[in-house]
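The values are calculated or read from the model by the stated rules, or taken from the named source; none is laboratory data. Quantities reported herein were computed from a predicted structural model and do not represent experimental measurements. Note that we place each Cβ from the backbone using ideal geometry, even for glycine, and neighbour counts take in every protein chain shown. Side chains are part of the model used for accessible areas, which takes the heavy atoms of the whole protein and leaves out ligands, DNA and RNA. Shrake-Rupley method; radii C 1.70, N 1.55, O 1.52, S 1.80 Å.
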Amino acid sequence: MGISRKYIIGIVITILLVIGYFIADSILFSGVKARTINENGIQANYFVKTNTKRSTSIVLIGGGQWGDYWGQQFANRGYSGLSLPYTQREGLPKLPEEINLEYFEKALAWLKKQPEVDPNKIVVMGASRNAELALLLASVFPRSISGVVAYAPSAVSWSNTVLPYNSKELKSSWKYKGLDIPYVPMDKISGNQLNGINMLEYWNKGLQKADFIGQAAIKVEKINGPILLFSGKDDQVWPSSIMADMIEKRLETNTFEHSFQNIKYDNAGHLISSNPDDNTSYRTGTINISGKDYEYEYGGNNDGDFKAKRDAKLKLMEFLEKI
C-alpha cells in the first residue's frame, strides 16, 4: 500500500512539474514558435502568428539558426518567415553542389497556398553564398518572388569547388531543369606552410576570369521586385562590396524598373548578417584544407559590425514595409 501510494505521489509530482514547465514556458517565451514542415520533400521551419492574414512572407535561404532567428523576428512583426535548409538533413543533399532549384520552386508553391501569405509579396533573403542563391532564385522565378535581400552578396554563380569540403570534381553549384546554371570555375583553395589563409585573394583571382564572369553573372535585371544589398567594406572573406557594385552596374545598364539599394558599411566585415542584438563578434574563422586547419579573417571590427548590423536591421524592416 505504501509503495502504491508513493508511486501515485510520484506520478502526480511529475504531472505537476510538466504542467508547471509549460505554464512557465508560455509566460517566459515571447516569440513565435516554429511549425515544422516536412511535405513533398520540403523541410523547413515556418514562423507565423495565428492572426496573420495575407501578409508579406520571407524565405530564409539556408535555414539553420540564422534562418530561425530571422523567421521569428519577421513573425513578431506580422509577417511570416520560412527558414529553409537545403542540405545536410536526411532526404536532402549532403553537399551544396548541383542543387536543384526545383526544391525551392516547390517551397514557393507551398508558401503561396498558406492563408497567412500574400502570394504577391514573397521575398527571398540570404547571406554570403546563400545571398548568391537568393538573387539567382529571384531571377529564375520572377513570377513567384517579389523582392530580394542579400547580405554580403555575389554577382555571379560559382562552381562547387569553392568550398573545400565539396567533391573535387568540378561541378555547378546550382541546376534547373537538368541544366547547369553557368558558373565561374575555380580550383580548390590550397593550403600553405603558414597557419592562415587569405580568402579575399582567392576570390579576387576568380573575379579576374572575365570570360567566365560574363556568362556566370546572375541576371538580376530579371528580378521582379526591389533589391536590398548589404555589405561590409572590410569584408575579408570575399569581395562582397565589389560584387554589390557589379550588381548595381548591371541593373543600371539594363534599366532596372524596381527600387534598388546598395548599402555598404565602413569598418564592417563578412558577418553583418548575424544576430544584430548581439554585440559579441567573432573576428576569425577556421577552414580545413587537406586535413589542416587554417585561420582566416572575417574583416571589420566589433564596433563596426555591431553598428552595421543594427542599421541594416532597421533598413531591412523599412524595406519590408514597402513591399
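Scan around Tyr265 for amide H atoms under 5 Å from its own, H built in the peptide plane at 1.01 Å from N, and keep only partners 5 or more places away or cross-chain.
Here Ser231, Gly232, Lys233 satisfy the definition.
Go through (i) 62, 46, 34; (ii) 67, 41, 39; (iii) 84, 50, 43 and flag the label whose value is the computed Cα extents along the principal axes in Å for this structure.
Computed from these coordinates, Cα extents along the principal axes in Å corresponds to label (iii).
Which value, in Å², gives the accessible area per residue of the chain when a 1.4 Å probe is used on the protein heavy atoms? Mind showing how you got there, number by number?
On the way: 16460 Å² over 323 residues.
Averaged over the residues of the chain, the accessible area is 51 Å².
Less than 15 Å from a label point 7 Å out along the Cα-to-Cβ axis of Lys292: which backbone N atoms in segment 188-205 qualify, by residue?
Within reach of a label on Lys292, which here means backbone N under 15 Å from a point 7 Å along Cα→Cβ, segment 188-205 contributes 189-198.
Taking the Cα centre of segment 116-191 as origin, work out the dipole magnitude from +1 charges on Lys and Arg Cβ and -1 charges on Asp and Glu Cβ, in debye rounded to 20. The partial results should precede the final answer.
Values: 8 positive and 6 negative charges, 32 e Å.
For this selection, approximately 160 debye.
To the nearest 10 degrees, how steeply does helix 64-76 sit against the main Cα axis of the chain, on a 0 to 90 scale?
70 degrees
Under the classification rounded if a/c is under 1.5, otherwise prolate if a/b is larger than b/c and oblate if not, where does segment 184-323 fall, given a ≥ b ≥ c as square roots of the Cα gyration tensor eigenvalues? Walk me through the intermediate numbers first.
Working: a/c = 2.74, a/b = 1.22, b/c = 2.24.
It comes out oblate by the Cα gyration axes.
Along the positive direction of the dipole of the chain (beta-carbon charges: Lys, Arg +1; Asp, Glu -1; about the Cα centre), which of Ile122, Ile218, His258 reaches farthest?
Of Ile122, Ile218, His258, it is Ile122.
Got the relative contact order for segment 92-210 handy, in percent, Cα pairs under 8 Å and 6 or more residues apart?
Values: 170 pairs, mean separation 28.6, N = 119.
Computed value for segment 92-210: 24 percent relative contact order.
Which one, Asn160, Asn301, Asn45, has the greatest fluctuation when you compute a Gaussian network model over the chain with C-alpha springs under 10 angstrom?
Greatest mean-square fluctuation among the candidates belongs to Asn301.
Just check segment 121-195 against the gyration tensor rule for me: Cα atoms, a ≥ b ≥ c as the square roots of the eigenvalues, rounded for a/c under 1.5, and otherwise prolate or oblate depending on whether a/b exceeds b/c. If you can, show how the numbers build up before the last one.
Values: a/c = 3.54, a/b = 1.72, b/c = 2.05.
Oblate, since a/c reaches 1.5 and b/c is not below a/b.
Just the accessible area for Val48, please: 1.4 Å probe, Å², rounded to the nearest 10?
For Val48, the solvent-accessible surface is approximately 30 Å².
Roughly speaking, what is the centre-to-centre gap between segment 207-284 and segment 100-169 when only Cα atoms are used, to the nearest Å?
Their Cα centres are 15 Å away from one another.
For the chain, give the share of DSSP beta bridges that are antiparallel, in percent and rounded to the nearest 5; count only bridges with both residues there. The partial results should precede the final answer.
On the way: 18 of 47 bridges.
Of the beta bridges lying entirely in the chain, close to 40 percent run antiparallel.
Using the Cα centre of the chain as the reference point, and only Cβ charges (+1 on K/R, -1 on D/E), how large is the resulting charge dipole? Debye, rounded to the nearest 20. Intermediate results must be reported in sequence, preceding the final value.
Numbers: 37 positive and 34 negative charges, 217 e Å.
Taking the Cα centre of the chain as origin, the dipole is about 1040 debye.
Which order do Arg310, Arg250 take when ranked by solvent-accessible area (1.4 Å probe, heavy atoms of all protein chains), largest first? Provide the component values of the computation, followed by the final result.
Values: Arg310 110, Arg250 65 Å².
Descending accessible area places them as Arg310, Arg250.
For the chain, set up a GNM with springs between Cα atoms under 10 Å and report which of Leu207, Leu179, Leu92 has the largest fluctuation.
So, out of Leu207, Leu179, Leu92, the one fluctuating most is Leu179.
Give the range of the longest stretch in the chain that excludes all GluC sites (Glu not before Pro) found in loop regions by DSSP and having at most 13 other beta-carbon atoms within 10 Å. The partial results should precede the final answer.
Values: sites that count: Glu90, Glu169, Glu257.
Formally, the longest exposed-site-free interval is 1-89.
Taking a ≥ b ≥ c as the square roots of the Cα gyration tensor eigenvalues, with a/c under 1.5 meaning rounded and otherwise prolate when a/b beats b/c, else oblate, which class fits segment 242-323?
Numbers: a/c = 2.74, a/b = 1.50, b/c = 1.83.
Judged from the Cα gyration tensor, segment 242-323 comes out oblate (a/c at least 1.5, b/c at or above a/b).
Working out 0.36 nm times the residue gap between Lys249 and Gln261, then minus their Cα-Cα distance, what length gain in nm do you get to one decimal?
On the way: separation 12, 0.36 × 12 = 4.32 nm, distance 1.21 nm.
In short, 3.1 nm is gained.
Using alpha-carbon pairs under 8 Å, 6+ residues apart, how would you state the relative contact order of the chain in percent? Display every interim value, and only then the final one.
Working: 663 pairs, mean separation 43.1, N = 323.
It rounds to 13 percent for the chain.
Within the chain, what's the longest stretch lacking chymotrypsin sites (Phe, Trp or Tyr not before Pro) that sit in DSSP loops with no more than 14 other Cβ atoms inside 10 Å? Spell out each step's value before the answer.
Numbers: sites that count: Phe29, Tyr165, Tyr282.
No qualifying site falls inside 30-164, the longest such stretch.
Modelling each spin label as a point 7 Å along the Cα-to-Cβ direction, I'd like the Tyr282/Gln215 distance in nm, to one decimal.
For Tyr282 paired with Gln215, the spin-label model returns 3.6 nm.
Which far-off residues, 5 or more places away or on another chain, put their amide H under 5 Å from the one on Phe260, with H placed in the peptide plane?
For Phe260, the qualifying residues are Ile227.
For the chain, with the dipole built from +1 on Lys and Arg beta-carbon atoms and -1 on Asp and Glu ones, taken about the Cα centre, which of Phe141, Ser281, Asn45 lies farthest toward the positive end?
Asn45
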